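Student: Have a look at the structure that comes next, please.
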């Protein structure tokens, strides 16, 4: 089972919740440190959960505003080997662009009428990164969903930051998702003092 399948199941249940919008300029953020590997800023209004995806180290949600964010990481080398065998793999593209296409494929496969915007490659705190948004419907849904995906290449791991909301809230929430992604920062490992 792929890493995103449990997310998709949960999302179908969340369509019935009424949307309340929050805007970037009205949003207060808190810094969350994850397993000594990285920190990231999450809106104060989002609470920690474990229900979004079993593979995600970080999972936050606000069911009242329909905002969800998670971070999944995996070692670069096995991930790079796996994506080389996919139909959409482009050997002239960067690793982050290929990994984004790979993950975006999982999101798009269950959406009807998916539209995608991919943004230029950039650096986030000095690390190669790329983002994309995907909007589409699930069958029998009243509103579409918008996903905002960011892939960041660390030294040993690749990080997928995935946030999503109802399509009717995307104009207010995507800037918040962008700020979440751009706040990602790898933590430097503390060196242990040498024994004398």
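Quick note: the coordinates plus some simple rules give every number you see, no bench work behind them. These figures come from a predicted structure and were not determined experimentally. Cβ placement follows ideal geometry from the backbone for every residue including glycine, while neighbour counts extend to all protein chains displayed.
Student: When the stretch 32-55 is examined, which residues are found to be without any contact (Cβ under 8 Å) to a residue 40 or more places away in the chain and farther than 19 Å from residue 179 by Cα?
Tutor: 35, 49, 50
Student: In addition: Check whether at least one residue in the stretch 162-174 is part of a loop (DSSP other than H, G, I, E, B) and either in contact with a strand residue (DSSP E or B) (Cβ under 8 Å, 6 or more places away or on another chain) or surrounded by fewer than 22 Cβ atoms within 10 Å (Cβ to Cβ) (or both), and report yes or no.
Tutor: Scanning the stretch 162-174 turns up no residue that is part of a loop (DSSP other than H, G, I, E, B) and either in contact with a strand residue (DSSP E or B) (Cβ under 8 Å, 6 or more places away or on another chain) or surrounded by fewer than 22 Cβ atoms within 10 Å (Cβ to Cβ) (or both).
Student: While we're on this one: Provide a single number: the residues in the stretch 63-104 that are free of Cβ contacts under 8 Å to residues at least 24 places away in the same chain and within 26 Å of residue 42 (Cα to Cα).
Tutor: The qualifying residues number 2.
Student: Do we find a residue being in contact (Cβ under 8 Å) with a residue 24 or more places away in the chain, in a helix (DSSP H, G or I), farther than 21 Å from residue 98 by Cα and in contact with a strand residue (DSSP E or B) (Cβ under 7 Å, 6 or more places away or on another chain) anywhere in the stretch 125-139?
Tutor: no
Student: Please go through (1) in contact (Cβ under 8 Å) with a residue 24 or more places away in the chain; (2) within 26 Å of residue 63 (Cβ to Cβ) for residue 157 and return the number of the only condition it doesn't satisfy.
Tutor: (2)
Student: Then there's this: Would you pick out the residues in the stretch 105-119 that are in contact with a strand residue (DSSP E or B) (Cβ under 8 Å, 6 or more places away or on another chain) and in contact (Cβ under 8 Å) with a residue 40 or more places away in the chain? Full working, then the answer.
Tutor: So in the stretch 105-119, the residues in contact with a strand residue (DSSP E or B) (Cβ under 8 Å, 6 or more places away or on another chain) come out as 107-108, 111-119.
107, the sole residue that qualifies.
Student: Quick one: in the stretch 71-93, which of the residues that are under 17 Å from the mean Cα position of the chain (by Cα) and assigned to a helix (DSSP H, G or I) is surrounded by the most Cβ atoms within 10 Å (Cβ to Cβ)?
Tutor: 79
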